[in-house]
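Visitor: After the structure tokens below, expect a handful of questions from me.
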């Protein structure tokens, strides 16, 4: 470590203040006695929390498992558990004894060394990064050597200051935890508000007052039948324009209207179980109000994209996933997730793109007809109940093109679409930015915790007390105690010889 340390501290090694993987003979019980059993999954990442609910008979775990006791520090030594910070102090073990996976290093602090002081030092990201660079073994199953841990330099504070540091860190971390919990509550409220606004938008509830004001003013309202007829007309016009463009591309020109007979009128949706809509609204299928451009999608692997460097956005089910050197589309479109997580999904099912873009085969591509605004189509589909229309496993379901295009949607008149978009934007103003900030909050909290740890182990977190016994005296006492133990063991061997 390059940082200077305060007076009264000393730069030592972990082996100076703790035993790494001490002999298992110090943890002994009768074979039928229950002891706490800790698999790797029982230790929570970074927090140091332990699930103590699993117990086994000592006779079942005394071999082929790591033994430890209360106040031992458990350090996960294998990838990726070490990288994720599975480091904890064993406490409240049954009868003070436990066994667990051999993928733990057991670090037993000497008397007057605070176990949590050791744990918090080890959980620092910079220590774990250094440990990662010193791992040994096969790739993917590498482990932190015990000798690396023993030889790791550690700034040792006086015993009393160690306890003050741990107490201060607990206090500050608790405040951060409270802030994160508050943000989680805010996130739920914000998401609920967002969903409520979108639901009100697509059911006509959001514009109820607007419609009533128009009715009182005697302004005319287009009937649902007239709107549906206009939707179908717009769809046919779009089809005819597309067909003419295809013929022109082939160097052909129609001599009569026979080509128009190929047009297939979409069937209206079955409204038997659908709710009654506000006056002027109409039920239609997505096939009625949009054209599916899935035929134009082209998936490109990440390897190929790496050789096709460009600044054109490359889109998939969850938004932009990269860039590429060419484009397939250059207009406002709505993309809808095709095969991804549907159950429990927090991201919207749809999003709008504009300008030059490339889309892979994990998102459906919709071009709305002139009867539906592209932004309104996106609002319709962002939280649409697609799950019943999907097939496949819960983890990764698929929304087929046929199921998508047959989905019924409630369409209001043009003026009301504009009003819905305006009110939706007003109601959700700033919400998306707030969600992004909340999503980024855990990263900020993690960085803050690491900053606190850095300050703690450079002597900047709590004030020093000149009356504290210097750390050098602590190390001398530990060394003397170890020497006495060795001498005692030697005397016993001579006595029994």
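Where a number appears in this text, it was derived from the coordinates with a stated rule and is not lab data. Note that the structure is predicted; figures quoted are calculated from it, not measured. Glycine also receives a Cβ, built like all others from the backbone with ideal geometry; neighbour counts cover every protein chain displayed.
Visitor: Rounded to the nearest 0.05, what FRET efficiency do residue 219 and residue 393 have when you use their Cβ-Cβ distance and R0 = 56 Å?
Guide: E between residue 219 and residue 393, to the nearest 0.05, is 0.65.
Visitor: What percent do you get for the relative contact order of the stretch 222-412 when only Cα pairs under 8 Å and 6+ apart count? List each step's numbers first, then the result.
Guide: On the way: 314 pairs, mean separation 47.7, N = 191.
Relative CO of the stretch 222-412 lands at 25 percent.
Visitor: How long is the gain from residue 153 to residue 70 if the chain were fully straight, where each residue apart is worth 0.36 nm and the alpha carbon distance is subtracted?
Guide: Taking 0.36 nm per residue and subtracting the Cα distance, the gain is 27.4 nm.
Visitor: If each residue of separation counts as 0.36 nm, what is the full-extension length gain between residue 191 and residue 248 once their alpha-carbon separation is subtracted?
Guide: Additional length available on full extension: 15.7 nm.
Visitor: Also, I was wondering about something else. So for the pair residue 490, residue 212, with labels modelled 7 Å out along Cα→Cβ, what separation do we get in nm?
Guide: 9.6
Visitor: Also, I was wondering about something else. Which residues in the stretch 66-91 have a backbone N closer than 18 Å to a point placed 7 Å from the Cα of residue 482 along the Cα-to-Cβ line?
Guide: Answer for the stretch 66-91: 72-73.
Visitor: Ok, one more. What number, rounded to the nearest 500 deg cm²/dmol, is the helix-based mean residue ellipticity at 222 nm of the chain, given -39500 (n - 2.57) per DSSP H run of at least four residues and division by all its residues?
Guide: Values: 15 runs with 201 residues, N = 497.
My calculation for the chain gives -13000 deg cm²/dmol from helical runs alone.
Visitor: What relative contact order, as a whole-number percentage, does the chain give when Cα pairs under 8 Å and 6 or more residues apart are counted?
Guide: Details: 744 pairs, mean separation 84.7, N = 497.
Reported as a whole number, the value is 17 percent.
Visitor: Report the antiparallel proportion of the DSSP beta bridges in the chain as a percent, rounded to a multiple of 5.
Guide: On the way: 50 of 55 bridges.
Around 90 percent of the beta bridges assigned by DSSP in the chain are antiparallel ones.
Visitor: Follow-up. Could you state the orientation-averaged shadow area of the convex hull built on the Cα atoms of the stretch 47-128, in nm² to one decimal?
Guide: 5.6
Visitor: Pull out the extension gain between residue 57 and residue 443, defined as 0.36 nm times the separation in residues minus the alpha carbon to alpha carbon distance; nm, one decimal.
Guide: Full-extension gain reported as 134.8 nm.
Visitor: Now, a different point. Could you pull the Cα extents of the stretch 222-412 along its three principal axes, largest to smallest, in whole Å?
Guide: 52, 49, 27
Visitor: On a 0 to 90° scale, report how tilted helix 224-249 is relative to the longest principal axis of the chain, with both axes built from alpha carbons and the result rounded to the nearest 10.
Guide: Approximately 90 degrees, to the nearest ten.
Visitor: Classify the stretch 245-340 as rounded, prolate or oblate, taking a ≥ b ≥ c as the square roots of the eigenvalues of its Cα gyration tensor: rounded when a/c is under 1.5, otherwise prolate if a/b is larger than b/c and oblate if not. List each step's numbers first, then the result.
Guide: Numbers: a/c = 3.14, a/b = 1.31, b/c = 2.40.
Since a/c reaches 1.5 but b/c is at least a/b, the shape of the stretch 245-340 is classed as oblate.
Visitor: Using a 7 Å offset from the Cα along the Cα-to-Cβ direction at both residue 237 and residue 302, what is the distance between the two label points in nm, to one decimal?
Guide: 4.5
Visitor: If I fit a long axis through the Cα atoms of helix 159-203 and take the longest principal axis of the Cα atoms of the chain, what angle between them do I get, 0 to 90°, rounded to 10?
Guide: In the chain, helix 159-203 runs at an angle near 10 degrees to the longest axis.
Visitor: Could you rank the peptides 157-170, 218-231, 273-286 by their average count of other C-beta atoms within 10 Å per residue, with the highest value first?
Guide: In descending order of packing, they fall as 157-170, 273-286, 218-231.
Visitor: Between the helical axis of 471-496 and the dominant principal axis of the chain, each derived from Cα atoms, what acute angle in degrees is found, rounded to the nearest 10?
Guide: 60
Visitor: Find how many whole Å separate the alpha carbon centroid of the stretch 151-227 from the alpha carbon centroid of the stretch 270-345.
Guide: If we compute the Cα centre of each part, the gap is 27 Å.
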